[in-house]
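Only the coordinates and a few stated rules stand behind these numbers; no lab work does. Predicted, not measured: the structure shown is a model, and the values here were computed from it. Ideal geometry is used to build each Cβ from the backbone, glycine not excepted, and the neighbour counts take in all protein chains shown.
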Amino acid sequence: MAFYDELETRSADQRATDLAVALPLQIAHAQAKATGYGAAFAAVDAGAVVDRTALAKLPVLRKSDLVAAQKTAAPFGGFAAHSTAGFDHVFQSPGPIYEPAMRGRDWWRMGRGLFAAGVGKGDVVQNCFSYHLTPAGMMFENGATAVGATVLPAGTGQTELQVQAAFALGVTTYTGTPDYLKVILDKADALGIDLSRLTKAVVGGGALFPSLRAEYADRGIACLQGYGTADLGSIAYETPAMEGMIVDEGVIVEIVTPGTGNPVAEGEVGEVVVTTLNPDYPLIRFATGDMSAVLAGQSPCGRTNMRIKGWMGRADQTAKIKGMFVRPEQVADLVSRHAEIIKARVVVTRDGEADSMQILCEASEGADVAAIEASVRDVLKLRGAVLLHNRDSLPKDGKVIDDQRSYD
């Protein structure tokens, strides 16, 4: 079978039809079962949220919001559909944020990406993601089990023992961070141990540099990337076509201007915001803090879902200017105060030994520079020169705050 299931090859019309059914049900379920959404979406008509346009009108939930909510509203800040006792696992991520999980088949949906990488029955997966407090180890084990593979729950460290186990058990597949596989292979070389049965790798949690992928390919290992988070599970995954990452069938991905919930144009870089259709943990418009962009067209592999370019940095562009923090949310507030501003970008440089700030604004005719500069002082608490630009003249790289100061 070429595909994990029939969902991967749906037509655009069928996807829209399915979304118009699934999305209102998920919103209504969250309102009824998760107290946090019951409050946040009190005025939302779930039946009207039938497409991406309607979804984009709902508020964004950020990790900082989740941390704050979990401190005051246990369990899980009111954003899960069950109590702690209703889940099989509870994990912890920095914040701290506590994430629930179930043992059910492919609960994190990692199996789809593993299947695309050719992992299945007969494979032995050496899973080198951590099993300690954080969920990555269990996420990939759950997915490997879903595709029928056998799992060696190796975790991290004890590299010599990892090499010995890989040889003794005939490991065929590695899952873990991109660079730790090289550590294992180099140790095997030093020990004179043949790990040539290892021909597949699915990696995440760090950058897979082209040179490293090429080194693995030279060793006969096809290495693909998965993109996910502890909160959401799988978001997107690579296929052997290696032309972008295909969005998972169990989530809806939006790319928005950092600091806002406003979707950007296709191809423009922005923050990844995800809505999951998981009924146990129905995160809606959850901001990952990661940057990416939509890749136009369809993958040559035949899967028809949206593609993204993969991880392109972090959305938190907060900069300290003249001793004051300036955040993307403040820039969004500035834009919202002036109907004539289409888009704004704060540029930070050095003028001698002092910080210098300019605010570049795409604006319609008649924009009042003095009024905008007054808002800059009010919102950003700093003085800065406002420079007006024509529509679509600023870079489409996702930057709201462009810090050009050298820190060398």
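Using a Förster distance of 51 Å, how high is the FRET efficiency between ARG337 and LYS121, based on the Cβ-Cβ distance and rounded to 0.05?
On the way: r = 59 Å, r/R0 = 1.16.
With R0 = 51 Å, the Cβ-Cβ based efficiency is 0.30.
Quickly estimate the mean residue ellipticity at 222 nm for the chain, helices only: each DSSP H run with n ≥ 4 gives -39500 (n - 2.57), and the total goes over all residues, rounded to 500.
Dividing the helical sum by the residues of the chain leaves -8500 deg cm²/dmol.
Please name whichever of GLN225, ALA207, GLN92 sits farthest to the positive end of the charge dipole of the range 6-308, dipole taken about the Cα centre and charges placed at Cβ: Lys and Arg +1, Asp and Glu -1.
GLN92
What are the lysines whose alpha-carbon lies under 29 Å from the alpha-carbon of LYS320, with same-chain residues fewer than 8 places away excluded?
LYS63, LYS71, LYS343, LYS381, LYS396, LYS399
Roughly speaking, what is the stretch gain from SER393 to ALA222, that is 0.36 nm per residue apart minus the C-alpha to C-alpha distance, in nm to one decimal?
57.5 nm
Please name which of ALA42, ALA2, LEU277 has its Cα lying farthest along the dipole of the chain towards the positive end, using unit charges on Cβ (Lys, Arg +1; Asp, Glu -1) and the Cα centre as origin.
About the Cα centre, the residue reaching furthest to the positive side is ALA42.
HIS29 to ASP88: FRET efficiency via 1/(1 + (r/R0)^6), r the Cβ-Cβ distance, R0 30 Å, to the nearest 0.05?
Calculated value: 0.95.
Can you list the aspartates and glutamates whose alpha carbon sits under 14 Å from that of LYS121, skipping same-chain ones fewer than 8 residues off?
Leaving aside aspartates and glutamates fewer than 8 places away in the same chain, those within reach of LYS121 are GLU141.
For the range 319-403, what Kirkwood radius comes out of the mean inverse Cα-Cα distance, in Å?
The answer is 12.9 Å.
Which of the helices in the chain, when you take each full DSSP H run, stretch at least 20 Å along the axis at their Cα atoms and have an average Kyte-Doolittle score of -1.0 or higher?
Membrane-span-like by this criterion, though nothing is claimed about a membrane: 12-33, 178-191.
Taking the Cα centre of the range 6-308 as origin and charging only Cβ (+1 Lys, Arg; -1 Asp, Glu), how large is the dipole, in debye to the nearest 20?
It works out to roughly 360 debye.
Considering the options GLN162, ALA68, ILE184, tell which one lies farthest towards the positive end of the dipole of the range 58-196, charges being +1 on Lys and Arg and -1 on Asp and Glu at the Cβ, about the Cα centre.
Result: ALA68.
Taking the Cα centre of the range 319-403 as origin, work out the dipole magnitude from +1 charges on Lys and Arg Cβ and -1 charges on Asp and Glu Cβ, in debye rounded to 20.
Its charge dipole is roughly 240 debye.
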